[in-house]
Amino acid sequence: MPKDRPAPDLPEPLSPLVDAHTHLDSCGAHDATSVAAIIDRAEKAGVGRVVTVADDLAAARFAVDAAHWDPRVYAAVAIHPTRANVLDDTTKAEIERLAADPRTVAVGETGLDYYWPGKLEGCASVEDQVEGFRWHIDLAKRLRKPLMIHNREADHDLLTVLLDEGAPETVIFHCFSSDATMALACVEAGYVLSFSGTVSFRNARELHEAAKLVPDDQLLVETDAPYLTPHPFRGAPNEPYCLPYTVRSLAETRGQDPFELAAASTANAERVYRL
């Protein structure tokens, strides 16, 4: 992560909040003590619980370990779409074992990423991504756990695969960054949209319009830390404690009281993840 900017100041607390999607390992956590330190900072800002998310097998193991180390932490496990070409039988078996753990609250992040193929060495092909996405959808349905989606430049195909496979009962679009048309399609399908620091970016006008269309009961908030640090701290390292900055910006965009939005998003996280 960039180190040219200092970490953001602790925001004015906004409680209660659940960080619906973060990466504690990428934030520097590696054992129970370092996990607790990050969550202690978050609690000072009103962020009392987090879901730490995996994008490869090592991160999946860590996420489940972290969720057992600290009761304020929950796990989501999957293989990221750009790494879907590693999904052999052995990897699938371990992901399935980790996903079945009682501290794992979602299967994710999975989905489709059409930005990186051809740009990132070793990136999974679109065909491998679709195959991996279908496998994760089936896993979520078999385990009766929410499906957490990563979507980059793949709106149409993502919705098509979900329709073709039959979506799980709960589908979460992590870091929703699409336009109003996609937001309405997701809302109509009953999916949950999770907003990150990107919704605070001044140039994200299409996302701002999309964010206004999501009902209170289909909305989550997240940091995706250490990535996507909210305005005005872009380029600085992100952590779960920064979530109130995003929530206040989202509330302003939606014309809501930030405490009401915090309460609604927390109730949704409790329901969706069965916390």
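So, in the stretch 144-176, of the ones that are over 19 Å from TYR114 (Cβ atoms) and basic (Lys, Arg), which residue ends up surrounded by the most Cβ atoms within 10 Å (Cβ to Cβ)?
LYS145
Could you say which residue among ASP9, ASP89, ASP113 is of a type in the set (Asp, Glu) and in contact (Cβ under 8 Å) with a residue 12 or more places away in the chain?
ASP113
Using beta carbons and a limit of 7 Å, which pairs, at least six apart or on different chains, have the first residue in the stretch 153-176 and without any contact (Cβ under 8 Å) to a residue 60 or more places away in the chain and β-branched (Val, Ile, Thr) and the second one outside any helix (DSSP H, G or I) and open to solvent by 20 Å² or more (accessible area, probe 1.4 Å)?
Listed by first residue and then by second, the contacts come to VAL171/TYR191.
Taking into account only those residues within the stretch 239-252 that are of a type in the set (D, E, K, R) and part of a helix (DSSP H, G or I), which is least open to solvent (accessible area, probe 1.4 Å)? First the steps, then the outcome.
Of the stretch 239-252, the ones of a type in the set (D, E, K, R) are 239, 248, 252.
Right, trim to part of a helix (DSSP H, G or I) and you get 248, 252.
Numbers: ARG248: 68, GLU252: 151 Å².
Only one residue tops the list, namely ARG248.
Yes/no matrix, rows are residues, columns are (1) basic (Lys, Arg); (2) surrounded by fewer than 24 Cβ atoms within 10 Å (Cβ to Cβ):
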{"position": "LEU219", "(1), (2)": "no, yes"}
{"position": "ARG254", "(1), (2)": "yes, yes"}
{"position": "ALA262", "(1), (2)": "no, no"}
{"position": "ALA269", "(1), (2)": "no, no"}
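Restrict the check to the stretch 28-48 and report whether at least one residue is open to solvent by 10 Å² or more (accessible area, probe 1.4 Å), assigned to a helix (DSSP H, G or I), among the hydrophobic types (A, V, I, L, M, F, W, C) and in contact with a helix residue (DSSP H, G or I) (Cβ under 7 Å, 6 or more places away or on another chain).
Yes.
Could you run through the stretch 144-177 and say how many residues are part of a helix (DSSP H, G or I) and either over 23 Å from LEU207 (Cα atoms) or β-branched (Val, Ile, Thr) (or both)? It would help to see each step written out before you state the result.
Taking the stretch 144-177 and keeping what is part of a helix (DSSP H, G or I), we get 155-165.
Still in the running and either over 23 Å from LEU207 (Cα atoms) or β-branched (Val, Ile, Thr) (or both): 160-161, 163-165.
So the answer is 5.
Return yes or no: is ARG248 more than 18 Å from the chain's Cα centre (by Cα), over 15 Å from ARG49 (Cα atoms) and modelled with pLDDT under 95?
Values: more than 18 Å from the chain's Cα centre (by Cα): yes; over 15 Å from ARG49 (Cα atoms): yes; modelled with pLDDT under 95: no.
No: the conditions fail for ARG248.
Only residues in the stretch 37-55 that are among the acidic types (Asp, Glu) count as the first member; pair them with residues that are assigned to a helix (DSSP H, G or I) and buried (at least 24 other Cβ atoms within 10 Å of the Cβ), Cβ under 8 angstrom, at least 6 apart or cross-chain, and list the lot.
From residues that are among the acidic types (Asp, Glu), there are no pairs.
What do you reckon, is ARG142 among the basic types (Lys, Arg) and either at positive phi or over 18 Å from the mean Cα position of the chain (by Cα) (or both)?
For ARG142, the condition - among the basic types (Lys, Arg) and either at positive phi or over 18 Å from the mean Cα position of the chain (by Cα) (or both) - is met.
Within the stretch 7-25, how many residues are surrounded by fewer than 19 Cβ atoms within 10 Å (Cβ to Cβ) and among the hydroxyl-bearing types (Ser, Thr, Tyr)? First the steps, then the outcome.
Step one: of the stretch 7-25, the residues surrounded by fewer than 19 Cβ atoms within 10 Å (Cβ to Cβ) are 7-10, 12-13, 15-16.
Filter once more, so that each one left must be among the hydroxyl-bearing types (Ser, Thr, Tyr): 15.
Number of matching residues: 1.
Quick one: is GLU121 open to solvent by 40 Å² or more (accessible area, probe 1.4 Å), in a loop (DSSP other than H, G, I, E, B) and under 26 Å from ASP89 (Cβ atoms)? If you could, list the steps in order and put the result at the bottom.
Details: open to solvent by 40 Å² or more (accessible area, probe 1.4 Å): yes; in a loop (DSSP other than H, G, I, E, B): yes; under 26 Å from ASP89 (Cβ atoms): yes.
Criteria met by GLU121.
Residues are listed down the side, and each one gets a yes or a no for (1) under 26 Å from TYR245 (Cβ atoms); (2) open to solvent by 30 Å² or more (accessible area, probe 1.4 Å); (3) not in a helix (DSSP H, G or I):
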residue	(1), (2), (3)
THR52	yes, no, yes
ASP65	no, yes, no
PRO71	yes, yes, yes
ASN85	no, yes, no
LYS92	no, yes, no
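I'd like the full set of residues that are surrounded by 24 or more Cβ atoms within 10 Å (Cβ to Cβ) and assigned to a helix (DSSP H, G or I), limited to the stretch 178-209.
Hits for the stretch 178-209 are CYS186, GLY197, VAL199, SER200.
What are the pairs, 6+ residues apart or on separate chains, where a residue within the stretch 252-265 that is within 10 Å of ASP216 (Cα to Cα) has its Cβ under 8 Å from a residue that is open to solvent by 30 Å² or more (accessible area, probe 1.4 Å) and assigned to a helix (DSSP H, G or I)?
Going by the 8 Å Cβ cut-off, the qualifying pairs are LEU261/ASP216; LEU261/ARG254; ALA264/ASP216; ALA264/ASP217.
The values are calculated or read from the model by the stated rules, or taken from the named source; none is laboratory data. Worth saying up front: this structure is predicted, and the values here are computed from it rather than measured. Neighbour counts run over all protein chains shown; Cβ positions are idealised from the backbone, glycine included. Heads up: the accessible areas ignore ligands, DNA and RNA and are worked out on the full protein's heavy atoms, side chains in. Shrake-Rupley method; radii C 1.70, N 1.55, O 1.52, S 1.80 Å.
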